[in-house]
């Protein structure tokens with residue numbers, strides 16, 4: 001599981017505990033429990049209809065929540081189709097969807113070692129809110145829907 005590998009690589013979980021902790025963390029999403037708490041899960045398909053990735057968004061995980069804000073918990077592009085622009089297209093589609101819903105801000109966390117993701121977010125206009133030893137919290141103000 002990529003989520004488990006990322007947490008272990010960042011030093012947040014040990015490699016031994018990462019698989020179970022990731023299952024526990026994602027259990028609410030998988031069973032649909034957290035969807036009732038404002039979390040959403042989207043699958044992305046390419047032009048041929050083949051699944052190429054997925055996105056998980058929801059309310060921010062902390063007390064600093066502000067009105068009209070969402071949090072990008074995970075964006076994953078299938079390993080077999082990486083480097084073809086699907087991540088950028090998924091992010092742009094998500095931003096457009098959220099802006100159309102009246103969401104003003106999208107926040108996320110990115111690990112420092114994930115240079116591909118960091119490059120994507122930098123080029124998409126995300127700004128650093130805070131940075132820690134393993135990761136940075138980023139934020140983007142979304143353009144209102146036209």
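The values are calculated or read from the model by the stated rules, or taken from the named source; none is laboratory data. Computed from a predicted structure; not experimentally measured. All Cβ positions, glycine included, derive from the backbone under ideal geometry; neighbour counts span all protein chains shown.
For residues in the stretch 62-81 being under 25 Å from residue 116 (Cβ atoms) and without any contact (Cβ under 8 Å) to a residue 12 or more places away in the chain, which is farthest from the chain's Cα centre (by Cα)?
Filtering first and then ranking leaves 80.
Has the stretch 95-108 got at least one residue that is free of Cβ contacts under 8 Å to residues at least 12 places away in the same chain, within 12 Å of residue 55 (Cβ to Cβ) and out of contact with any helix residue (DSSP H, G or I) (no Cβ under 6 Å at 6 or more places or on another chain)?
Among the residues of the stretch 95-108, at least one is free of Cβ contacts under 8 Å to residues at least 12 places away in the same chain, within 12 Å of residue 55 (Cβ to Cβ) and out of contact with any helix residue (DSSP H, G or I) (no Cβ under 6 Å at 6 or more places or on another chain), which makes the answer yes.
Residue 79 is checked against (1) surrounded by fewer than 12 Cβ atoms within 10 Å (Cβ to Cβ); (2) over 19 Å from residue 5 (Cα atoms); (3) in contact with a helix residue (DSSP H, G or I) (Cβ under 9 Å, 6 or more places away or on another chain) and fails just one. What number does that condition carry?
(2)
Take residue 50 and decide whether it is without any contact (Cβ under 8 Å) to a residue 60 or more places away in the chain and within 22 Å of residue 7 (Cβ to Cβ).
no
Each row is one residue, and each column tells you yes or no for (1) modelled with pLDDT of 90 or more; (2) surrounded by 15 or more Cβ atoms within 10 Å (Cβ to Cβ).
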{"site": "5", "(1), (2)": "no, no"}
{"site": "22", "(1), (2)": "no, yes"}
{"site": "38", "(1), (2)": "no, no"}
{"site": "57", "(1), (2)": "yes, yes"}
{"site": "94", "(1), (2)": "yes, yes"}
